[in-house]
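The values are calculated or read from the model by the stated rules, or taken from the named source; none is laboratory data. Since the structure is predicted, the reported quantities are computational estimates derived from the model, not experimental observations. As a convention, Cβ positions derive from the backbone with ideal geometry for all residues, glycine included, and neighbour counts pool all protein chains shown.
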Amino acid sequence: MVMKKEVHRWYSPSIGKTMPIAVYGHYGFPLLMFPTAAADFEEYERFYLLSVMRPWIDAGKVKVYSIDSVNAHTWMNNRAHAGDRAHKHGFYDSYVTREVVPFIWNQQRQRGGIITTGASMGAYHAMNFLLKHPDLFDGTISMSGAYDLRPWVGDYMDENVYFNSPFAYLKNLNDPWYLDKLRAKRHIHVLTGQGDYEAPGQSKHLSWLLGQKGIPHNLDLWGHDMPHDWTTWRRMMPLYLANAF
């Protein structure tokens, strides 16, 4: 039997173009997937992550929503000034929070419950959206992420860069509205391998920052044989679907 899949598209007033979203499954908690780097909404299907998730999708434990990135026009667009890239990321933030989230709520026929996830740069987005919008998202499975924007923007800093770089804003986060909501989360999972091309120091430092703010979370360091690659993420995700939710 073919796994249930729907593709929806609408013109996004936030982005200014038509944006697609793939929906896998029929029931279960909503899992919002951000793709890696400059990839698209069907990347996780092409690289068989959806295949290893299928038992939980078909069983109605999880319903997956996979969206496009605009990284090629924002953080990864090295032809544009860092300030312009950060400004354009704000359009993506609006798209996710004002368009994708209500779409998911409408599909689920209830508000709340959304868990974010992604690998590599998708993990950055998954974590950043949770930390910035704890009223909209309930947790994250962030795999092999980097949470510092300096490799993309260098030493440039403005308000838009600051409030999208968890390493920058977390250490100064003292607003009770955010902290109370984040401290109530039960599913903040920070995963990383320690093999080739991984950067476990990023996840360790994020964990330290979260700990300093009393935000409960799970730091899961996998072995030195686990590279920054699909083989690692195809092992991580089923484990968390099986045991964490």
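So here's what we get for this one:
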| quantity | calculated |
| --- | --- |
| Residue within the stretch 147-162 that is within 26 Å of Pro238 (Cβ to Cβ) and out of contact with any Cys (no Cβ under 9 Å at 6 or more places or on another chain) present | yes |
| Subset of the stretch 1-29 that is in contact (Cβ under 8 Å) with a residue 24 or more places away in the chain and of a type in the set (Phe, Trp, Tyr) - its residue that is nearest to Ala59 (Cα to Cα) | Tyr27 |
| Hits in the stretch 1-13 - residues which are surrounded by fewer than 17 Cβ atoms within 10 Å (Cβ to Cβ), more than 12 Å from Leu50 (Cα to Cα) and at pLDDT 95 or above | Glu6, Val7, His8, Arg9, Trp10, Tyr11, Pro13 |
| Top-ranked residue of the stretch 151-170 - restricted to ones that are assigned to a loop (DSSP other than H, G, I, E, B) and not small (Gly, Ala, Ser), ranked as surrounded by the fewest Cβ atoms within 10 Å (Cβ to Cβ) | Asp155 |
| Selection status of Thr192, buried (at least 19 other Cβ atoms within 10 Å of the Cβ) and in contact with a strand residue (DSSP E or B) (Cβ under 7 Å, 6 or more places away or on another chain) | yes |
| Scan of the stretch 132-150 for residues that are outside any loop (DSSP other than H, G, I, E, B), of a type outside the set (Gly, Ala, Ser) and either touching a Ser or Thr at 6+ places or on another chain (Cβ under 6 Å) or crowded, with 24+ Cβ neighbours inside 10 Å (or both), ordered by number | Thr140, Ile141, Met143 |
| Options Lys204, Lys185, Lys181; residue that is out of contact with any Phe, Trp or Tyr (no Cβ under 7 Å at 6 or more places or on another chain) and not in a helix (DSSP H, G or I) | Lys185 |
